[in-house]
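Enquirer: Mind looking over this structure? Questions follow.
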Amino acid sequence: MSKFEPFDFNNALPLINEDTEFFPLMSQEDEEEMNNEQTPEVLSILPLRNTVLFPGVVIPITVGRDKSIKLIKDAYKGNRIIGVVAQKNVNIEDPSFDELNTVGTVAIIVKMLQMPDGNTTVIIQGKNRFQLIEEVQSEPYITASVRKFEEIRPKVDKEFKAMVASVKELAMQIINFSPNIPSEAAIAIKNIESVPFLINFISSNMNASVADKQLMLEVANLRDRANMVLKHLSTELQMLELKNQIQSRVKVDLDKQQRDYFLNQQLKTIQEELGGNSPDMEIEELRKRGQKKQWSKETAVHFNKELDKLARMNPAAADYSVQVNYLEVLLDLPWQHFTKDNFDLKRAERILDKDHYGLEKVKKRIIEYLAVLKLKHNMKAPILCLVGPPGVGKTSLGKSIAKALGRKYVRMALGGIRDEAEIRGHRKTYIGAMPGRIIQSIKKAGSSNPVFVLDEIDKVGNDFRGDPSSALLEVLDPEQNNAFADHFLELDYDLSNIMFIATANSLNNIQPALLDRMEIIEVSGYTIEEKVEIAKKHLIPKQREQHGLKTKDITLKPIIIEKIIEDYTRESGVRGLEKTIGSVVRSAATKIAMEDEYNANYTYEDVQKALGPAYFDKDAYEGNDVAGVVTGLAWTSVGGDILFIEASLSPGKGKMTLTGNLGDVMKESAVIAMAFIRAHADDLGIDHRVFDQWDLHIHVPAGATPKDGPSAGITMLTALTSAFTQRQVKHKLAMTGEITLRGKVLPVGGIKEKILAAKRANIKDVILCKSNEKDILEIKSDYIKDMNFHYVTDMLSVIDLALLDKKVKNPLKIEFKEEAKK
């Protein structure tokens, strides 16, 4: 068995010329001499596996099997003539006679060499073609009877000459296109004069399969064989041209990649020498950090996949830093890391009471949550929304809750956010992409169950970049937030263990669907009594500490604090009060620094010197000496207030005038009250002629302040009735409630603030709708001590309670003109 090694002119030619004068090119004379040689009737057959020997061509072959080695040695000792035939199936190690092709080539052994590796190499040259007839023997090697294969020589015409010239030209072009073919091949082809040998030489050395070469060997007509060679050469030339085009296109890119690779390898070496982290070390460090993370299997698989992608990247590529940033975000997030809750309810209650005075509803809800969580450890965290005026401690309450629970605290300001990506993040493929602020805040907190304050949720805007409040729907839905999808992460993150606390000043601007997902807790403004306690326990100690003073350096008694609240602040919260107390404390600090004598126990005169004259007048009851003047109760953004409804009559034609910067709803209340009085004039003891002969003027003082709302309805009714009847209003009485044309009194809001304003004004009796009784029960009894509440359901009951039977002093004389007789 033999196998063919590719012909190497650099090695083969010197071997042949070393001991012989044989040159592997044939002249026409040599060819004629070869054709005249007789073909033996019986030949020893050497099977070839991966090549075909053509007449006149010299090839080296390596002999491996014992049968083949014995054949070569026997022939080399004799006449050196053998028969060479290609086997049909190249995978058969020891082919039989039937597994050989029928056409082969007579060969002469030119040289036999013993190679250093122990193999035997022989150089053979093809002579004439033969055809196998039958097997003579199979051992020790195949011997067969053969007959000469006759070749048909074509007529040498112009077409045949052109065909041969084309074959020669194509062969030269292929040699030029192929850098692996030595230049000696081109020299050999140029020097070949014999056309049959030229065809055989090119057929033997061209890039074709063994089967194709065997087909060429079996073609008897030289013209047909030349045509087959021409087709193969044309195909091979086209492939080479296409290959060269592709190589030329990618050469620049390959050169750049190689340059970058070498530079990066040098940079890596320099970094290692300087003690820095090379990319490989950085990747290994990320992998070690990933192995320590307590994350889900899905997250771990995703992380390793992305890390493998990083390892395949060029460190100089733009995407490399993006990928590193992404992996570091995954590692920095507190996957499955939770802080342990403190279930000491008494301690939590003490912390909440210490940090915030009042706010009983919120504290109660937090203690309830802790109690249930203590019994059922996998409870979903509540999503609370604290609604109230500025400065009442909604935001700072979040810190106290985190402290009471033993959790991390994180705050996210939503005011002015207009881009949905602020919540959900950007796709990591964008330059400068980062996670949304929800994920960033959790990363900052370092645990997956912090107390998360969403501050000013009612200030969220929207524009062409999306609606952030819609993105918050998933965050604040307990049924969905266990798989929150951030665009940057590309993984679901569990938010269900986070205790979200949203804060807002008003519910009007919050999307209804978002509002529905939260538990609303109203945080009303503080009373004066509560503000005094807050100032004593929190504000004054805080200001002393900030200004470097001790307790003995300044003291403010409760009565002085109350005067500061009434005369220098007008708010629901305590921000303004804190600033005002800070001014007083700074005045003491200035005197200490200048070593002036002063009284550490501040009096009201000392406060006036520090703050100047009073900014606000205290709401005061103005008496009941004038008919048509009734005290009402109003709610403002800074708390409750009292207001006065004034009604007066003047001779005229029944015109009604409204002044005092009133809104439409308040004007409508006056119209309803007037309509009710007209309808029930007889029940109220009013002469009908007054509606036609006297003009009515209704005024609400503080004309620069806009006023609106339905709660002044019963106040206007009482004022108008008092004006028409000149009956005296009950002493130290105030009221609030909406009225209807049917004579019903309806409930109104802001009761706590209104009642506390009445108490500050020294009001003793208050008239309210029966439905507002529940609101009174929520106010601490200490705040409403010595006050009487009258609950009504109809408007006539209001008149009976509010107006006395006696007339006011100096009543208006209401006279009527006589009607002209027809």
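The values are calculated or read from the model by the stated rules, or taken from the named source; none is laboratory data. Everything quoted here is computed from the prediction, not taken from an experiment. Cβ sites come from the backbone with ideal geometry, for glycine too, and all protein chains shown count toward neighbours. Accessible surface areas use protein heavy atoms only, side chains included; no ligands, DNA or RNA. Shrake-Rupley method; radii C 1.70, N 1.55, O 1.52, S 1.80 Å.
Enquirer: Run the quick spin-label model on Ser178 and Gln336: label points 7 Å from Cα toward the beta carbon, then report their separation in nm to one decimal.
Expert: According to this spin-label approximation, the distance is 6.1 nm.
Enquirer: Relative contact order of the stretch 681-812, please, whole-number percent, based on alpha carbon pairs below 8 angstrom and at least 6 residues apart. If you can, show how the numbers build up before the last one.
Expert: Details: 164 pairs, mean separation 36.4, N = 132.
For the stretch 681-812, the relative contact order is 28 percent.
Enquirer: Also, quick follow-up: Take the alpha-carbon centre of the stretch 298-371, take the same for the stretch 403-442, and report the distance between them in whole Å.
Expert: Distance between centres, Cα-based: 12 Å.
Enquirer: Take the cross-link list Lys399/Lys542; Lys158/Lys231; Lys655/Lys806; Lys754/Lys780; Lys609/Lys754; Lys361/Lys764 and give me the ones stretching past 21 Å between alpha-carbons. Intermediate results must be reported in sequence, preceding the final value.
Expert: Numbers: Lys399/Lys542 17 Å; Lys158/Lys231 19 Å; Lys655/Lys806 27 Å; Lys754/Lys780 14 Å; Lys609/Lys754 32 Å; Lys361/Lys764 27 Å.
Table pairs above 21 Å Cα-Cα are Lys655/Lys806; Lys609/Lys754; Lys361/Lys764.
Enquirer: Rolling a 1.4 angstrom probe over the protein chains, ignoring ligands and nucleic acids, what is the accessible area of His232 in square angstrom, nearest 10?
Expert: Here the accessible area works out near 60 Å².
Enquirer: Working with all protein chains in place, sort Glu815, Glu668 by solvent-accessible area computed with a 1.4 Å probe, largest first.
Expert: On the way: Glu815 130, Glu668 105 Å².
In descending accessible area the options line up as Glu815, Glu668.
Enquirer: Here is a further query. Would any residue of the stretch 515-550 have its amide N under 19 Å from a label point 7 Å out along Cα→Cβ of Lys354? List them or say none.
Expert: 533-546
Enquirer: Right, next: Mind checking which of Ile152, Gln131, Tyr141 is farthest towards the positive end of the stretch 105-163's charge dipole, using Cβ charges of +1 (Lys, Arg) and -1 (Asp, Glu) about the Cα centre?
Expert: Highest projection toward the positive end goes to Ile152.
Enquirer: Which net charge results for the neighbourhood of Lys667, defined as the other residues with beta-carbon distances under 13 angstrom from its beta-carbon, given Lys and Arg at +1 and Asp and Glu at -1? Kindly include the intermediate steps, with their values, before the conclusion.
Expert: Working: positive: Lys707; negative: Asp664, Glu668, Asp708.
Around Lys667, the charge tally is -2.
Enquirer: Roughly how many debye, to the nearest 20, is the charge dipole of the stretch 718-789 about its Cα centre, given +1 on each Lys and Arg Cβ, -1 on each Asp and Glu Cβ, and no other charges?
Expert: Values: 14 positive and 8 negative charges, 35 e Å.
I would put it at about 180 debye.
Enquirer: Where in the stretch 34-69 is the amide nitrogen less than 15 Å from a point lying 7 Å along the Cα-to-Cβ axis of Leu113?
Expert: Under cut-off, by backbone N: 58-63.
Enquirer: Now, a different point. Given the rule -39500 (n - 2.57) for each run of at least 4 DSSP H residues, summed and divided by the residues of the chain, what is its mean residue ellipticity at 222 nm, to the nearest 500 deg cm²/dmol?
Expert: Values: 30 runs with 355 residues, N = 822.
Calculated at 222 nm, the ellipticity per residue is -13500 deg cm²/dmol.
Enquirer: Calculate, for the stretch 289-362, the solvent-accessible area per residue in square angstrom, rolling a 1.4 angstrom probe over the heavy atoms of the protein chains.
Expert: On the way: 4380 Å² over 74 residues.
Result: 59 Å² of accessible area for each residue.
Enquirer: Net charge within 13 Å of His377 by Cβ-Cβ distance, Lys/Arg positive one each and Asp/Glu negative one each, not counting His377 itself?
Expert: Details: positive: Lys340, Lys374, Lys376, Lys380; negative: Asp341.
So the environment of His377 carries a net charge of +3.
Enquirer: Now, a different point. May I ask you to compute the full-extension gain from Arg312 to Arg365, defined as 0.36 nm times their residue separation minus their alpha-carbon distance, rounded to one decimal in nm?
Expert: 13.7 nm
Enquirer: When you have a sec, figure out the Kirkwood radius of the stretch 383-487 from all distinct Cα pair distances and drop it here in Å to one decimal?
Expert: Here the Kirkwood hydrodynamic radius works out to 14.7 Å.
Enquirer: Next question. For the peptides 136-143, 525-532, what is the packing order when you average, over each peptide's residues, the other Cβ atoms within 10 Å and list the highest mean first?
Expert: Values: 136-143: 15.2, 525-532: 22.6.
Listed from highest to lowest mean packing, they are 525-532, 136-143.
Enquirer: Roughly how tilted is helix 664-679, in degrees to the nearest 10 and between 0 and 90, from the longest Cα axis of the chain?
Expert: 40 degrees
Enquirer: Using only the Cα atoms of the stretch 448-534, build the gyration tensor, take square roots of its eigenvalues as a ≥ b ≥ c, and label the shape rounded, prolate or oblate: rounded if a/c is under 1.5, else prolate if a/b is larger than b/c, else oblate. Before the final figure, lay out the partial values.
Expert: Numbers: a/c = 2.63, a/b = 1.69, b/c = 1.56.
Here the stretch 448-534 falls in the prolate category.
Enquirer: In addition: Just check the stretch 639-788 against the gyration tensor rule for me: Cα atoms, a ≥ b ≥ c as the square roots of the eigenvalues, rounded for a/c under 1.5, and otherwise prolate or oblate depending on whether a/b exceeds b/c.
Expert: It is prolate, given that a/c is not under 1.5 and a/b is the larger ratio.
Enquirer: Set the Förster distance to 56 Å, then compute FRET efficiency between Asp617 and Ala433 from the Cβ-Cβ distance, nearest 0.05. Intermediate values should be presented prior to the final figure.
Expert: Working: r = 57 Å, r/R0 = 1.03.
That gives a FRET efficiency of 0.45.
Enquirer: So for the stretch 44-157, what are the equivalent ellipsoid semi-axes in whole Å, largest first, each being the square root of 5 times an eigenvalue of the Cα gyration tensor?
Expert: On the way: eigenvalues 107, 61, 36 Å².
In descending order the semi-axes read 23, 17, 13 Å.
Enquirer: Over the chain, what is the percentage of antiparallel beta bridges among all DSSP beta bridges, to the nearest 5? Don't skip to the answer; put the middle values down first.
Expert: Values: 55 of 96 bridges.
So the antiparallel bridges in the chain amount to around 55 percent.
Enquirer: 7 Å from Cα along Cα→Cβ at both Thr793 and Glu135: what's the point-to-point distance in nm?
Expert: The two pseudo-label positions are separated by 12.3 nm.
Enquirer: Over what distance in Å are the Cα centres of the stretch 692-727 and the stretch 580-627 separated?
Expert: The stretch 692-727 and the stretch 580-627 have Cα centres spaced 36 Å from each other.
Enquirer: In the neighborhood of Asn36, defined by Cβ-to-Cβ distances under 15 Å, what is the net charge if each Lys or Arg adds +1 and each Asp or Glu adds -1?
Expert: Details: positive: Lys127, Arg129, Lys148, Arg153; negative: Glu29, Asp30, Glu31, Glu32, Glu33, Glu37, Glu150, Glu151.
Counting the neighbours of Asn36, the net charge comes to -4.
Enquirer: Now, a different point. Express in nm, to one decimal, how much length is gained between Gln265 and Glu37 on full extension, taking 0.36 nm for each residue of separation and deducting their alpha carbon distance. Could the numbers behind the result be given before it?
Expert: On the way: separation 228, 0.36 × 228 = 82.08 nm, distance 6.59 nm.
Gain on extension, Gln265 to Glu37, equals 75.5 nm.
Enquirer: Same structure, new question: Determine, from the Cβ-Cβ distance of Leu658 and Glu519 and an R0 of 60 Å, the FRET efficiency 1/(1 + (r/R0)^6), rounded to the nearest 0.05.
Expert: About 0.90, to the nearest 0.05.
Enquirer: Oh, and also: Given (1) 170; (2) 363; (3) 354 as candidate values of volume of the Cα convex hull per residue in Å³, which corresponds to the one derived from the coordinates?
Expert: (3)
Enquirer: Sticking with this one: Give, rounded to the nearest 20 debye, the magnitude of the charge dipole that the stretch 768-816 has about its Cα centre when Lys and Arg contribute +1 at Cβ and Asp and Glu contribute -1 at Cβ. Mind dumping the intermediate values first?
Expert: On the way: 8 positive and 9 negative charges, 55 e Å.
That gives the stretch 768-816 a dipole magnitude of about 260 debye.
Enquirer: Which of the peptides 593-601, 796-804 is most tightly packed, and how do the rest follow, judged by the mean count of other Cβ atoms within 10 Å per residue? Please list the in-between numbers first.
Expert: Working: 593-601: 10.1, 796-804: 18.7.
Taking the mean over residues of other Cβ atoms within 10 Å, the ranking is 796-804, 593-601.
Enquirer: Considering the options Ile498, Tyr602, Met666, tell which one lies farthest towards the positive end of the dipole of the chain, charges being +1 on Lys and Arg and -1 on Asp and Glu at the Cβ, about the Cα centre.
Expert: Checked the options; the winner is Tyr602.
Enquirer: Oh, and also: Compare the Cα positions of Ser44, Ala86, Ile109 along the charge dipole of the stretch 34-133 (+1 at Cβ of Lys, Arg; -1 at Cβ of Asp, Glu; about the Cα centre) and return the one farthest towards the positive end.
Expert: Farthest towards the positive pole: Ile109.
Enquirer: What are the ³J(HN,Hα) values, in whole Hz, obtained from phi via the Karplus relation 6.51 cos²θ - 1.76 cosθ + 1.60 with θ = phi - 60°, for each residue of the stretch 420-432 in sequence order, with x given for Gly and Pro?
Expert: For the stretch 420-432, the Karplus curve yields 4, 5, 5, 8, 9, x, 9, 4, 5, 6, 6, 5, x Hz.
Enquirer: Figure the gain on full extension for Leu804 and Ser447 (residue separation times 0.36 nm, minus the Cα-Cα span) and round it to one decimal in nm. Mind dumping the intermediate values first?
Expert: On the way: separation 357, 0.36 × 357 = 128.52 nm, distance 6.70 nm.
Roughly 121.8 nm would be gained on extension.
Enquirer: In nm, to one decimal, how far is the Glu773 label point from the Asp708 one, both placed 7 Å along Cα→Cβ?
Expert: 3.4 nm
Enquirer: Let me ask something else about it. At R0 = 45 Å, how high is the FRET efficiency between Arg249 and Thr62 if r is their beta carbon distance? Nearest 0.05 is fine. Intermediate values should be presented prior to the final figure.
Expert: Working: r = 39 Å, r/R0 = 0.87.
Efficiency for this residue pair is about 0.70.
Enquirer: Run the accessible area of the chain with a 1.4 Å probe and give the carbon-and-sulfur part as a rounded percent.
Expert: Details: 21120 of 42190 Å².
Of all accessible area on the chain, carbon and sulfur atoms account for 50 percent.
Enquirer: Next question. About the Cα centre of the chain, how large is the charge dipole given +1 on each Lys and Arg Cβ and -1 on each Asp and Glu Cβ? Please answer in debye to the nearest 20. Intermediate results must be reported in sequence, preceding the final value.
Expert: Values: 110 positive and 117 negative charges, 767 e Å.
So the magnitude is around 3680 debye.
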